[in-house]
1. Cβ contacts < 7 Å: first residue closer than 21 Å to F175 by Cα, restricted to the range 197-218; second residue assigned to a loop (DSSP other than H, G, I, E, B) and of a type in the set (K, R), any location; separation 6+ or different chain. Result?
2. Working only within the range 252-297, note down all residues that are touching a strand residue (DSSP E or B) at 6+ places or on another chain (Cβ under 7 Å) and either open to solvent by 70 Å² or more (accessible area, probe 1.4 Å) or not β-branched (V, I, T) (or both).
3. In the range 70-80, is there at least one residue being open to solvent by less than 70 Å² (accessible area, probe 1.4 Å) and modelled with pLDDT of 95 or more?
4. If you scan the range 146-167, which residues turn out to be closer than 25 Å to K294 by Cβ and in contact with a strand residue (DSSP E or B) (Cβ under 6 Å, 6 or more places away or on another chain)?
5. Only one of these is surrounded by fewer than 23 Cβ atoms within 10 Å (Cβ to Cβ) and of a type in the set (G, A, S): S119, S130. Name it.
6. Out of the range 47-69, which residues are within 16 Å of L126 (Cβ to Cβ), touching a helix residue (DSSP H, G or I) at 6+ places or on another chain (Cβ under 7 Å) and either part of a loop (DSSP other than H, G, I, E, B) or open to solvent by 20 Å² or more (accessible area, probe 1.4 Å) (or both)?
7. Quickly run through the range 218-241 and pick out the residues that are among the polar types (S, T, N, Q) and out of contact with any strand residue (DSSP E or B) (no Cβ under 7 Å at 6 or more places or on another chain).
8. List pairs: first in the range 169-192 and over 24 Å from D14 (Cβ atoms), second open to solvent by 10 Å² or more (accessible area, probe 1.4 Å) and charged (D, E, K, R), Cβ under 8 Å, 6+ apart or cross-chain?
Amino acid sequence: MKHFINLKDIPYKDLRKILVDAKNRKKLYNLNVDRNFPLEGKLLIQMFEKSSLRTRLSFYLAIRQLGGSTLTLRPDELHLSKGGESIQDTAKILSNFGNAFMLRTDSDEKLEEFKNYLSIPIINGLSPSSHPTQILSDIFTVEEIKKKSISSLNIAWVGDCNNVLNSLIAASIKFSFKLRIGCPLKYKPHKKIMKYINSNKNKIFVTHNSKEAVKEADVIFSDKVISMNDKVNKLKKLNQFKKFKINKRLMSFAKKDCIFLHCLPRGKEVDEKVFSSKNSKVWQQALNRVHVQKSILLYCLGKLR
């Protein structure tokens, strides 16, 4: 049984195998490559403790196109959220009824506890410390557009240091690509993440100069400065990120064919002229999640070709 919780815990060869499968599935999508329905009769149970649009839709479409079905649970309707049932007992029921469990949670500890008690695979649909399905799909998008391995590209992240960046850092180590992180000094990666970076001796650099971060970049990633459930003075935080707003001038320091990616939803961290430009590939990025989600499900359920 294979879980999909953090990229750093999944072997590189497995991650690459998922990407190759997703590439083949997208290439042959119009030929109905999934018509043999490899996940027929399988049920994916989803639970969202945080808002979701792209993750919810992409997993729903992925399992359905593979012949399976999905059931979405609302936490506020379960005994679990009301303190009436333990995670251990909830996990037992989920394991008896479903074939895989996808959880978007506000607690990394909860994710790990479910893993310990489930007898079916668990997929991390986003947690406070990581967003692995998003970043693996983003790597798929980068390689699709650039037509080369991400290991040969210069990747930049400009903005807040959050769970999406944590997964990008893990991917940089797994896939061995150069990563420059541009953020205000106060918002640099957590000490634990910095220790992880340093212990792996990879080509990851943190700078507090946005121009330096994007210099000669092939790809620029960003995310909302004000994240979900971010309990901060929003105006103050936005003001601290003013010099890190992605606009045409900042993009000019990257390579001419540099692409812009954003996991969405967007905020004030990117200028409309960049977001709507030919360099922006955010809609292709979002749609690709369906193809990669298919291969993640097949991987977890032991059906990956």
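1. Every condition considered, the pairs that remain are V206/K188; E216/K255; A217/K255; D218/K255.
2. Matches in the range 252-297: A254, C258, F260, L261, H262, E269, D271, N279, S280, K281, Q285, L297.
3. From the range 70-80, those open to solvent by less than 70 Å² (accessible area, probe 1.4 Å) are 70, 72-73, 75, 78, 80; that's our starting set.
Filter once more, keeping what is modelled with pLDDT of 95 or more: 70, 72.
The answer is yes; a qualifying residue exists.
4. I155, N163, N166, S167
5. Exactly one of S119, S130 is surrounded by fewer than 23 Cβ atoms within 10 Å (Cβ to Cβ) and of a type in the set (G, A, S), namely S119.
6. Of everything in the range 47-69, those that are within 16 Å of L126 (Cβ to Cβ), touching a helix residue (DSSP H, G or I) at 6+ places or on another chain (Cβ under 7 Å) and either part of a loop (DSSP other than H, G, I, E, B) or open to solvent by 20 Å² or more (accessible area, probe 1.4 Å) (or both) turn out to be E49, R54.
7. Narrowing the range 218-241 to residues among the polar types (S, T, N, Q): 222, 227, 229, 233, 239-240.
Within the range 218-241, S227, N229, N233, N239, Q240 qualify.
8. R180/E212; R180/K215; I181/K188; G182/E212; C183/D160; P184/K243; Y187/D160
The values are calculated or read from the model by the stated rules, or taken from the named source; none is laboratory data. Given the structure is predicted, the values throughout are model-derived calculations rather than measurements. Positions of Cβ are backbone-derived with ideal geometry, glycine not excepted, and every protein chain shown enters the neighbour counts. Each accessible area value is taken on the protein alone, full model and side chains, heavy atoms only, with ligands, DNA and RNA left out. Shrake-Rupley method; radii C 1.70, N 1.55, O 1.52, S 1.80 Å.
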